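All remarks here apply to the structure that follows.
Just so it is clear, none of the values below were taken in a lab; they were calculated from the coordinates. All values derive from a computational prediction rather than experimental measurement. Positions of Cβ are generated from backbone atoms using ideal geometry, with glycine treated the same way; all protein chains shown enter the neighbour counts.
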Amino acid sequence: MARVKIDKVTKKFGKVEAVKDFSLEIQDGEFIVLVGPSGCGKTTLLRMVAGLETVTSGRIFIEDAEVTHVRPKKRDIAMVFQNYALYPHMNVYSNLAFALKLRRIPKAQIKEIVKKTADLLGIGDFLNRLPNQLSGGQKQRVALGRAIVRQPKVFLFDEPLSNLDAKLRVSMRAEILDIHQRLNNTSIYVTHDQLEAMTMGTRIIIMKDGVIQQNGSPKEIYNNPANKFVAGFIGSPAMNLMPFVIKEDGGKLIATSGDMALAVPAEKETPLRSYVNQEVCLGLRPEHISNSAGNGGEQGKSSFMAFVRLVEPLGSEQLIHLEARNQRFIARIDPRSTISYGDSLDFYADMNFAAFFDSATEARIV
Amino acid sequence: MRQYQTIRTISRLLFYAILLFIVGVFFFPFLWVIYTSLQSPITAGAVPPDLLATPTLDNFRQVFEQGQFFRCLLNSTVVVLLTLVANLIISLPAAYVIARNRQNWMMFLVLFLQMAPWICLLLPWYIIFKKLGLYDTYFGLVLSNLTFMIPFTVWLMLGFFEDVPVEVEEAAWLDGCSHMGTFIRIVVPLVKGGIITISTLGFMFCWNIFLFPLVLSGYETKTLPVFVYGFLADNQLDFGPLAAAALLAMAPVIVFVLLNQKYFRQGIAFGGGK
C-alpha cells in the first residue's frame, strides 16, 4: 500500500486545459473519491496517475518516488475500467492470471492466487468462461479480481459501476468497500455520481473544469459546501439555491425576496453585514424546509407561504415542489403529511442550516 | 391464404432459379476445365462437346511427365508462403500504428498506393531487378508481391484494429506488458479473423499472379501460372494438358479457401462494412 502525492499537475490538450494546477495528497489506505460532472478532468487526472496520459506540468509521486514519466507497467498500479477492459480472447482464469504470468510467477502459485481471489469475489465457478459469457456484474468482479491478484500499491477505479443497473450498482458498491476494508488498499475512485461519492469515500474531492472545488469528508462537504457549485452538486435532491437580498431590519439581518423575509441567525450575521442591500445566493437543503414549526417553534425557523406545484411520494419521504414569490424550491417532508397539488401553506425554513454564497464569485460567505 | 402461399412458393422457386443461373454462369468455366482435362486430344476441343466420351487421365500424366510441374509447384508454394509471412510481419504493425494514430494523410497514402496501375512497374522492375541480381530469385518475386499486398493488407486490417478497444491495451500495459508484448499477446489474437481473411486473399492473389512472375522469374523460380502458360505453344493448342495443368494449379487455392471460408466471409463483410 502507498501514499500518493499529486503536485501542481496540469494537463493540456492543445489549448484546452483539462486539469489545472491540481495538488492532492492521499494517505496510505485511504479511499478517496474524485467526483464531478462530465468533462471536469477527473478521468484525465486518474489516467495521469496511471501513466496512461502524459503530464503537461507538475509531478506525481507514489511512495515518495517520482513516477511522472515512468511507464504504466513500472508504477505498480492496478486499474478497474468503466467498460471492464477484460481480454476477450482469454477465459476468466487467464484474465486473472495474465499479470502474474508476465511476472514469471510459478504456475502452482498463480493457481493458488487466482483461486483465492476468485473465491473472494464469488467468481470461482466462472473460471473457464469467456468474458462474453458473463453478465455485467460478473465482468466487473473479474475486472476487480484482475486488479486484486497483482497486489498493487494503488488501486484506480474509473467509473466502474456506471454500466451496471441501479440494483447491481448498490451491491457492487458494498462489495468494493468490503474488499477495501479487508485489503486496506490505497484507492482513487472516479465517479460522476454524487451518491456513489458520498457513500464510498473517506474523503471526496469535487472537481469542476479541472480545478478542485472542495476536498473533505462526505459529511463536511454535505453540511458545509465551499461554493455554490458544490452545494448544487452534492445531495439528492440538490440544495435549493435562490437569489435573496440581505436587508437590515431593526439591527437584525433578513434575507428577502419580494415580501418573503427569512431571518438570518445571529451567528451568521457578521460575515453578511458587508452584503447589506446586495443580492446573495441563499442555499437550503430540502430537509431543512418543513411544513411544521416543530416543538415549541424552534429558533432560527422562518416561516413563509408557498404554493405546492408538485408532490413526489417516495415511500420513506415526500418531495414537495414549492413556489413562493417566483422562487422555486423543493422540501423533503414526512411521508404521512397530507399535502397535495394546489395547496397554499405555511412552510418553515431552518435558517441555522442556511448557506449564503456570493452571487459574483459563488464562494461561500457563511 | 392459399393464394399467398402459392405466390410465396413461386417467388422462392424463381429466386433459387436465378441464383442457380448466376452460380452456373460463374461455375461453368471451372466445370469446363474439369471436363476438358479428362478428354482425349480428339474430344477435348470438339464442337459440339462429346459429354459421353470416356474420361482419361492421359492429360495429367502428360503434365507430370513434362518435368517441371513439381519444381514450379514448389516455387509457387515458397513464394506464396514467404510473401504471406513477410506481409503479415510488415503490414500488421503498420496497420496498427495507422489505426491508433489516425491521420488523414496516412489513409490517403494507403489508398493512393492501391490506385496506382501496377503494370507501370513491370519494365522498370525488370531493369532494376536485373541490375541488382534479383531477377529469377525468390526474393525478387516476394518483393514484387509485397508491393501489392502491403497497401491492401493495411487498408483491410485498419477496421479490425480500430475495433480493438484501447482500454484493453491499457489494461495490458498496467498489468506489466510492454507495447510489443501487448501487440502480440492481446491485439493480434483479437484481429485473428482479419489475419485469416487477408492470408486467404493473399494466398489466392499470389498463387494466381501471372504477369510479374512471367517477366521477373526464369528457369529456377518459374511459378505454376507461368508453367501453365507454357502449354500454349506457338503453333499448337493442347486443350487437354492445358486444362489439366490449370486444374492442378487451381487445386491448392480451392482447398485453402474451402478450409478458411468461414473467416473469409466474415472478414470480407467486416472489411466491406468499414
Restricting the count to DSSP beta bridges whose residues both fall in the protein assembly as shown, what percent are antiparallel, rounded to a multiple of 5?
-> 75
So how strong a dipole does the protein assembly as shown carry about its Cα centre when Lys and Arg Cβ are +1 and Asp and Glu Cβ are -1, to the nearest 20 debye?
-> 1280
Qualifying aspartates and glutamates (Cα of each under 16 Å from Cα of B:Lys222; at least 8 residues distant if same chain) = B:Asp136
Efficiency of FRET between A:Val366 and A:Leu345 - r from beta-carbon atoms, R0 22 angstrom, step 0.05 = 0.15
Which is the longest run of chain B containing none of the chymotrypsin sites (Phe, Trp or Tyr not before Pro) found in DSSP loop states (not H, G, I, E, B) with at most 14 other C-beta atoms within 10 Å?
-> B:1-209
What relative contact order, as a whole-number percentage, does the stretch A:1-76 give when Cα pairs under 8 Å and 6 or more residues apart are counted?
-> 35
Want the number for B:Leu211 to B:Arg71: 0.36 nm per residue separation, take away the alpha-carbon distance, what's left?
-> 48.5 nm
B:Phe112 versus A:Asp259, label points 7 Å from Cα toward the beta carbon: distance in nm?
-> 7.9
For the residue pair A:Asp21 and A:Leu130, what label-to-label distance in nm results when each label sits 7 Å from Cα along the Cα-to-beta-carbon direction?
-> 5.2
The pairs in A:Lys42/A:Lys153; A:Lys74/A:Lys208; A:Lys228/A:Lys301; A:Lys111/A:Lys167; A:Lys5/A:Lys167 lying past 24 Å Cα-Cα in this model are A:Lys74/A:Lys208; A:Lys111/A:Lys167; A:Lys5/A:Lys167
Quick one: Cα convex hull volume of the stretch A:1-114, Å³ per residue?
-> 137
Highest-fluctuation residue, A:Glu112, A:Glu17, A:Glu66 considered, GNM on chain A with Cα pairs under 10 Å | A:Glu112
Calculate the dipole size of chain A relative to its Cα centre from +1 charges on Lys and Arg beta carbons and -1 charges on Asp and Glu beta carbons; express the result in debye to the nearest 20.
-> 2180
Rg(Cα)/(2.2 N^0.38 Å) for the protein assembly as shown, N = residue count = 1.46
Write down, largest first, the equivalent ellipsoid semi-axes of the stretch A:235-294 in whole Å, where each equals the square root of 5 times an eigenvalue of the alpha-carbon gyration tensor.
-> 21, 13, 11
In bins 5 Å wide, starting from 0, what share of all Cα pairs of the stretch A:182-238 does each bin hold, as a percent?
-> 4, 18, 33, 25, 11, 5, 3, 0
Before rounding to the nearest 500, sum -39500 (n - 2.57) across all DSSP H runs of length at least 4 in the protein assembly as shown and divide by the residue total; then give [θ] at 222 nm in deg cm²/dmol.
-> -14500 deg cm²/dmol
When the charge dipole of chain B is computed with +1 on Lys and Arg Cβ and -1 on Asp and Glu Cβ about the Cα centre, the Cα farthest towards its positive end, among B:Leu92, B:Pro55, B:Trp173, belongs to B:Trp173
Once the Cα atoms of helix B:138-162 and of chain B are each reduced to a long axis, what angle between those two axes, in degrees from 0 to 90 to the nearest 10, is obtained?
-> 60
Evaluated at 4 °C with a viscosity of 1.567 mPa s, what Stokes-Einstein diffusion coefficient in µm²/s does the stretch A:4-228 have when Rh comes from the Kirkwood expression over alpha-carbon pairs?
-> 72
Between helix A:107-121 and chain A: long-axis angle, C-alpha atoms, 0 to 90°, nearest 10 = 20
Please identify every one of the trypsin sites (Lys or Arg not before Pro) in the stretch A:91-189 that sits in a loop by DSSP and has no more than 16 other beta carbons within 10 Å of its own beta carbon.
-> A:Arg103, A:Arg104, A:Arg129
Within the stretch B:162-226, report the GluC sites (Glu not before Pro) that DSSP leaves as loop and that have at most 11 other Cβ atoms within 10 Å.
-> B:Glu220
When the charge dipole of the protein assembly as shown is computed with +1 at the Cβ of Lys and Arg and -1 at the Cβ of Asp and Glu, the Cα pointing farthest to the positive end, of B:Pro225, A:Leu102, A:Phe229, is that of B:Pro225
Classified through the alpha carbon gyration tensor (a ≥ b ≥ c as square roots of its eigenvalues; rounded if a/c is under 1.5, else prolate when a/b is larger than b/c, else oblate), the stretch B:60-273 comes out prolate
Roughly how big is the stretch A:240-358's charge dipole about its Cα centre, with Cβ charges of +1 (Lys, Arg) and -1 (Asp, Glu), in debye to the nearest 20?
-> 80
Trypsin sites (Lys or Arg not before Pro) within the stretch B:1-86, DSSP loop, no more than 15 other Cβ atoms inside 10 Å | none
Among B:Tyr138, A:Ser316, A:Ala2, whose Cα lies farthest out toward the positive end of the dipole of the protein assembly as shown, if unit charges sit on the beta carbon of Lys, Arg (+1) and Asp, Glu (-1)?
-> B:Tyr138
P(r) tail fraction, the stretch B:174-251 - alpha-carbon pairs more than 19 Å apart, % | 58
Once both label points are put 7 Å beyond Cα along the C-beta direction, the A:Thr202-A:Ser303 separation in nm becomes 4.7
